[in-house]
Amino acid sequence: MYNPEMEAMGRDELSELQLARLRETVKRCEEMVPFYRKRLREHEISWKDINSLDDVKKLPFTTKEDLRDNYPFGMFAVPVKDIVRIHASSGTTGQPTVVGYTGDDIGNWAELMARSLVAGMADKSDIIQVAYGYGLFTGGLGFHYGVERLGASVIPISGGNTKRQIRIMADLGTTMLCCTPSYALFMAETAEEMGIDFKQLKLKSGIFGAEPWSDRMRDKIERLLNLSAFDIYGLSEVMGPGVSIECVHKHGLHIFEDAFIPEIIDPATGASLAVGQQGELVFTSLTKQGMPLLRYRTRDITSLDDTLCPCGRTHVRMKRVSGRTDDMLIIRGVNVFPSQIESVLMQIEDISPHYQLIVERMAGLDVLEVQVEVSDEMFSDRIKGLEEWQEVIQGEIESYLGLGVKVTLVEPRTIARSEGKAVRVIDNRDL
Amino acid sequence: MTVRQISVFLENKSGRLLDVTECIGKAGVNIRALCVADTSEFGVVRLIVDDPVKARESLHECGFTVKEAIVIAVEVDDRPGGLAEVLRPLVEQEMNIEYLYCFLEKSADKAIVIIRVDEAEQASGALKSVGYRVIPPEELYAM
């Protein structure tokens, strides 16, 4: 453990710490964030009413829409001059959501990431290759600061250029790999093409996340990359990677409860569900200064497990995320809502409003195919004319989502129409 | 003098060309010439028929995406070098040929070349001025 005092803290003591931090957080929201001041007043609750941990259930929820409505800085609890870092994630209708971190927030995040890395078998002597994207996405920098906090060596290679990734892994003797699980599988294929055997490399473990994966995929990664694979969870709104992590027992991800209060609710009614029941995961932040969150609805479906873990960590575990309450797709680490694709298509003149998204996992990489019906206006007897349409649509979607997609033109009326809500997404990924 | 060509969008899946031909066959439309251009995902069928209006209507009713294009039909000698000679006047006038396809005339020793260029009328004039016979639509549809 990186910080046994926190990670193995007795439950009573932990509850006390959580309650004190919860009161502080609600107070901070009430005093510093006009949005929360109004919302709390509407619910006739104040930080002074928070007298037990159970009182968290009296607090109003925060949703992604709230963050969007307060774009860009409306959710910040400090003046922008005290913010040292800004990250962003894509939103449902084009408005990204922005998150801000104070210096202390970055420090706390690095601490939680250092704990995550140690849970995933890291120590100071490790050489850790961070192949998550560096940039607005929280993956790259989140891991980077964690490795530095731990005192191990970071290779900040970011995503892409896979052959160079493998070469560096071999030349520098990388001992840990951090990236999305689908990218890990893609690396395995590339290495094979290059004639490099992972058994000759020094990798001992890998921390994979930012997209859904399964135990079957874990087996495959562990076999092909010859390492022990750990699942990590996080989302930029709540912090970034390092909200929860598996330990060597790999039966759920420990949520760092000194920093977050997790809850499971019924996504339809908002009612709290008991430990063990499956529902929507909700987080209240306990240490965040820049952008504290009260009962943020993640839309991720999971359940909690508070049975004792042999690893000694006392923090509750969450199951792997099994789905979403909305139709969000995660493609190569990028959040994609069908409504985003729709709004891009609607902005292109002459295009048919009928489309379908097909997600496939090809050679370990997720591929998003956008099928668009050919309208009379789009159609030309020249092949080149049709190919130009494909390029235009591809280009528009790519510049909007930052994600390459494959556009396929299909005949009119071939995309299934349904009464009410159309089936927009066919997910063929075998996770 | 130009000819109306019917173009149909098709996905590359089995049976679609059959569907097109059945659809216009049922409508009593006869095909004079046909050409399929394809990519890995889709294709475009181009048809010269005896009744372009009826073909277009019936294909539309069958749910196809249809477009008309203007092309020219030129008669060339059915012998080596025949096609090259017909292209020269078009190239000399810097006209870009989008595509072309040929069929043989039943009753004569001639081939018919269907040519798609942006400037169809101009191309037709250029060919006529060097002595080619550009086939009028009524004659072509009735062949």
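The values are calculated or read from the model by the stated rules, or taken from the named source; none is laboratory data. As the structure is a computational prediction, the values presented were derived from the model and not from experiment. Every residue, glycine as well, gets a Cβ built from its backbone with ideal geometry; the counts of neighbours run over all protein chains shown.
For residues that are in contact (Cβ under 8 Å) with a residue 60 or more places away in the chain and away from chain A (no Cβ under 11 Å), scanning just the range B:1-28, find the one that is nearest to B:Ser129 (Cα to Cα).
Pass one, the range B:1-28, residues in contact (Cβ under 8 Å) with a residue 60 or more places away in the chain: B:1-7.
From what's left, away from chain A (no Cβ under 11 Å): B:1-4.
Values: B:Met1: 13, B:Thr2: 15, B:Val3: 19, B:Arg4: 22 Å.
So the residue we want is B:Met1.
Of everything in the range A:266-299 that's in contact (Cβ under 8 Å) with a residue 60 or more places away in the chain and part of a strand (DSSP E or B), which residue is nearest to the chain's Cα centre (by Cα)? Quick ask: steps written out before the conclusion?
Residues of the range A:266-299 that are in contact (Cβ under 8 Å) with a residue 60 or more places away in the chain, as a first pass: A:270, A:272, A:282, A:284-299.
With the extra rule that they be part of a strand (DSSP E or B), the set shrinks to A:272, A:282, A:284-285, A:296-299.
Details: A:Ser272: 23, A:Val282: 14, A:Thr284: 16, A:Ser285: 16, A:Tyr296: 14, A:Arg297: 13, A:Thr298: 10, A:Arg299: 11 Å.
Ranking the qualifying residues of the range A:266-299, first place goes to A:Thr298.
Yes/no per residue for (1) within 13 Å of chain B (Cβ to nearest Cβ); (2) part of a helix (DSSP H, G or I); (3) acidic (Asp, Glu):
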residue: A:Thr314; (1), (2), (3): no, no, no
residue: A:Glu342; (1), (2), (3): no, yes, yes
residue: A:Leu345; (1), (2), (3): no, yes, no
residue: A:Glu349; (1), (2), (3): no, no, yes
residue: A:Ser352; (1), (2), (3): yes, no, no
residue: A:Gln371; (1), (2), (3): yes, no, no
residue: A:Asp376; (1), (2), (3): yes, no, yes
residue: A:Phe379; (1), (2), (3): yes, no, no
- Query: Going through the range B:70-103 one residue at a time, which ones are within 14 Å of chain A (Cβ to nearest Cβ), in a strand (DSSP E or B) and not hydrophobic (A, V, I, L, M, F, W, C)?
  - Reply: B:Glu98, B:Tyr99, B:Tyr101
- Hey, any hits in the range A:373-391 for a residue that's at pLDDT 85 or above, of a type in the set (Ser, Thr, Tyr) and in contact with a strand residue (DSSP E or B) (Cβ under 7 Å, 6 or more places away or on another chain)? yes
- Query: Quick one: which of B:Lys67, B:Lys106 is surrounded by 13 or more Cβ atoms within 10 Å (Cβ to Cβ) and either assigned to a loop (DSSP other than H, G, I, E, B) or within 14 Å of chain A (Cβ to nearest Cβ) (or both)?
  - Reply: B:Lys67
- Task: Go through A:Ser153, A:Ser205 for me and flag whichever is surrounded by fewer than 20 Cβ atoms within 10 Å (Cβ to Cβ), of a type in the set (Ser, Thr, Tyr) and closer than 23 Å to A:Ala110 by Cβ.
- Result: A:Ser153
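Let's see how each residue does on (1) among the basic types (Lys, Arg); (2) assigned by TED's automatic domain parsing to the domain that holds A:Ser15; (3) surrounded by fewer than 22 Cβ atoms within 10 Å (Cβ to Cβ):
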position	(1), (2), (3)
A:Glu237	no, yes, no
A:Pro241	no, yes, no
A:Val248	no, yes, yes
A:His251	no, yes, yes
A:Glu263	no, yes, yes
A:Gly276	no, yes, yes
A:Lys288	yes, yes, no
A:Arg295	yes, yes, yes
- Query: Any idea how many residues of the range B:34-55 are more than 11 Å from chain A (Cβ to nearest Cβ) and surrounded by 19 or more Cβ atoms within 10 Å (Cβ to Cβ)?
  - Reply: 3
- Item | The listed residue being within 12 Å of B:Thr65 (Cβ to Cβ), within 13 Å of chain B (Cβ to nearest Cβ) and in a helix (DSSP H, G or I), out of A:Leu409, A:Leu386 | A:Leu386
- Query: What pairs come up if the first residue lies in the range A:347-362 and is at negative phi, the second is of a type in the set (Gly, Ala, Ser) and surrounded by 14 or more Cβ atoms within 10 Å (Cβ to Cβ), and their beta carbons are under 7 Å apart, counting only those six or more places apart or on different chains?
  - Reply: A:Ile351/A:Ser375; A:Ser352/A:Ser375; A:Arg361/A:Ser182
- Name every residue in the range A:115-139 that is touching a Cys at 6+ places or on another chain (Cβ under 9 Å) and part of a helix (DSSP H, G or I), in order of residue number. A:Leu117, A:Ala119, A:Gly139
- Message: Condition first: in a helix (DSSP H, G or I), buried (at least 22 other Cβ atoms within 10 Å of the Cβ) and out of contact with any Asp or Glu (no Cβ under 8 Å at 6 or more places or on another chain). Can you find one or more residues in the range A:162-182 that meet it?
- Response: yes
- Query: Taking the range B:5-33 on its own, how many of its residues are surrounded by 16 or more Cβ atoms within 10 Å (Cβ to Cβ), touching a Phe, Trp or Tyr at 6+ places or on another chain (Cβ under 9 Å) and not in a helix (DSSP H, G or I)?
  - Reply: 6
- Query: Within the range A:108-136, can you find the residues that are among the aromatic types (Phe, Trp, Tyr) and in contact with a strand residue (DSSP E or B) (Cβ under 7 Å, 6 or more places away or on another chain)?
  - Reply: A:Trp109, A:Tyr132
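Can you confirm whether B:Ile31 is among the hydrophobic types (A, V, I, L, M, F, W, C) and touching a residue at least 24 places away in the same chain (Cβ under 8 Å)?
Details: among the hydrophobic types (A, V, I, L, M, F, W, C): yes; touching a residue at least 24 places away in the same chain (Cβ under 8 Å): no.
So B:Ile31 fails the test.
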- Query: For A:Val359, which of the numbered conditions (1) out of contact with any Lys or Arg (no Cβ under 9 Å at 6 or more places or on another chain); (2) closer than 28 Å to B:Gly15 by Cβ; (3) assigned to a strand (DSSP E or B) fails to hold?
  - Reply: (1)
